[in-house]
1. If a residue has to be open to solvent by less than 40 Å² (accessible area, probe 1.4 Å) and not in a helix (DSSP H, G or I) to count, how many in the stretch 61-90 make the cut?
2. In the stretch 258-315, what residues are of a type in the set (G, A, S) and over 17 Å from C242 (Cβ atoms)?
3. Considering each of E147, E137 in turn, give the residue that is in the same structural domain as H250 (by TED's automatic domain parsing), acidic (D, E) and more than 14 Å from the ligand (Cβ to nearest atom).
4. When you look at A382, is it more than 15 Å from I350 (Cα to Cα) and within 16 Å of the ligand (Cβ to nearest atom), yes or no?
5. Any residue at all in the stretch 304-312 that is within 26 Å of G118 (Cβ to Cβ), assigned to a strand (DSSP E or B) and either open to solvent by 60 Å² or more (accessible area, probe 1.4 Å) or β-branched (V, I, T) (or both)?
6. Scan the stretch 87-121 for residues that are among the hydroxyl-bearing types (S, T, Y) and within 16 Å of the ligand (Cβ to nearest atom) and jot them down.
7. List the pairs whose first member sits in the stretch 93-114 and is on the phi > 0 side of the Ramachandran plot, whose second member is of a type outside the set (D, E) and part of a helix (DSSP H, G or I), and whose Cβ atoms are under 7 Å apart, counting only residues at least 6 apart or on separate chains?
8. Looking at (1) within 16 Å of E330 (Cβ to Cβ); (2) over 19 Å from the mean Cα position of the chain (by Cα), can you tell me which one N363 breaks?
Amino acid sequence: MQAKYLDKIIVTFVLELNKELITSEMSIDIQKIRSDFPILAEKIYNKPLVYFDNAATTQKPQVVLDKLIEVYTKYNSNIHRGVHFMSNKATVETEEARNVVQKFINANQSCEIIFARGATEGINLIAQSFGEKYIFENDEIIVSEMEHHSNLVPWQMMAQKKKAKVIKWEFTDAGELELDTLKNLITSKTKIIAVNHVSNSLGTINPVKEIIEIAHQHNIKVLIDGAQAVQHIKTDVQDMDCDFYVFSGHKIYGPTGIGVVYGKEHLLEEMPPYQGGGEMIENVSFEETTFNKLPFKFEAGTPNYADTIALAAAIKYISEIGIDNIAAYESELLHYGEGKLKNIPGLKFIGTAKNKTSVISFNIDGLHSYDVGMILDKMGIAVRTGTHCTEPVMIHYGITGTVRASFAFYNTKEEIDKLYDGLLKVVEMFA
Ligand code: PMP
């Protein structure tokens, strides 16, 4: 290629890059956003909090805290069965929250949205109920090697109960799942594939659409664990065509104790209830029970309506900022962070997939992750250390754990600079 054309391409590329940076910086008003999260003004050991533990749980904006107070001070009342004003109001707000979630993940119908305690309970629900109906002796369940324990243990339990097998889909050393490997694992016995949308310990964004397409060619169902994805990238369950999708409210700026299970209507219809009790019934006599329609069939007992309503407030809040703006800004943080941290002497990244979001996992030669985390803590910097509930990932790399810095859209490059300076001090201390 002639040099003059090369120059032109480089100039255009730089212009495009700048345009992209400007767009994402302009669409995120970071000072305004930070002021929406009261906890970010806290001081830890008299130092400003740098919160990089967002993959464990996210902080809550004022609108979510206000919503919880609103529910408990204005219309707290058990839902669905009351005739009085407050019960009706709480019911309407809860069902409106279901519509908010439906729209957010683009589910076809609101009856495909089931509220559970979190992603963990959601996966247990699917494993138990789907497994009860469709998994039999010698059947196979493919689970990726990079799953959170909550997307492995429920399948192990179901497999044990039904004498089925859990098949490991290994990832590469970069932390990527390869489709060819999956194709080789699929057999006529495979019933379901369980895989995360984004890995919480490696940050890998998995090619879920392609995985689902391959699975469906063989009439295999797919459960996507979206606990580490929905807060970072656009989620469209109809576009990806997954059979089940789960996520937790507390990781998407909502309260703890609430989560979402999406399932295709025809599958949920065929599956047996997960738990028995109030709400999930149609008629009960002492001898037998008929079950309620979807989604209530899977929501036994008094639902966590207060946190459900506050979860909807969280989703509305991030939807106003725009998930695409969030994704662009967080991608900038990730690349800035990786660019900085690679200069720390002895630092090795764990998880170097091409397609990643918001997680930097690493170790420093000769240092234990706990020591690194504890010293950073004294500087007001919160990171997570250890296995991140993904022991098979650690076994893959032959390590005991990692230091994990995980970002949210309220984090800044200045905070990453503090992490960098902090790590330099840690390295000096141990030198
Ligand atoms: N899956 C992934 C990928 C996660 O990151 C987590 C939480 N860290 C879970 C599942 C479990 O979520 P919860 O503990 O909220 O049920």
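The values are calculated or read from the model by the stated rules, or taken from the named source; none is laboratory data. Being a predicted model, the structure only gives us computed values, none of them experimental. No Cβ is skipped: glycine too gets one built from the backbone with ideal geometry, and neighbour counts run over all protein chains shown. Each accessible area value is taken on the protein alone, full model and side chains, heavy atoms only, with ligands, DNA and RNA left out. Shrake-Rupley method; radii C 1.70, N 1.55, O 1.52, S 1.80 Å.
1. 4
2. G276, G277, G278, S285, A300, G301, A306, A310, A312, A313, A314
3. Of E147, E137, the one residue that is in the same structural domain as H250 (by TED's automatic domain parsing), acidic (D, E) and more than 14 Å from the ligand (Cβ to nearest atom) is E137.
4. For A382, the condition - more than 15 Å from I350 (Cα to Cα) and within 16 Å of the ligand (Cβ to nearest atom) - is met.
5. No, the stretch 304-312 contains no residue that is within 26 Å of G118 (Cβ to Cβ), assigned to a strand (DSSP E or B) and either open to solvent by 60 Å² or more (accessible area, probe 1.4 Å) or β-branched (V, I, T) (or both).
6. T120
7. N106/V237; N106/Q238
8. So N363 meets the others, but not (1).
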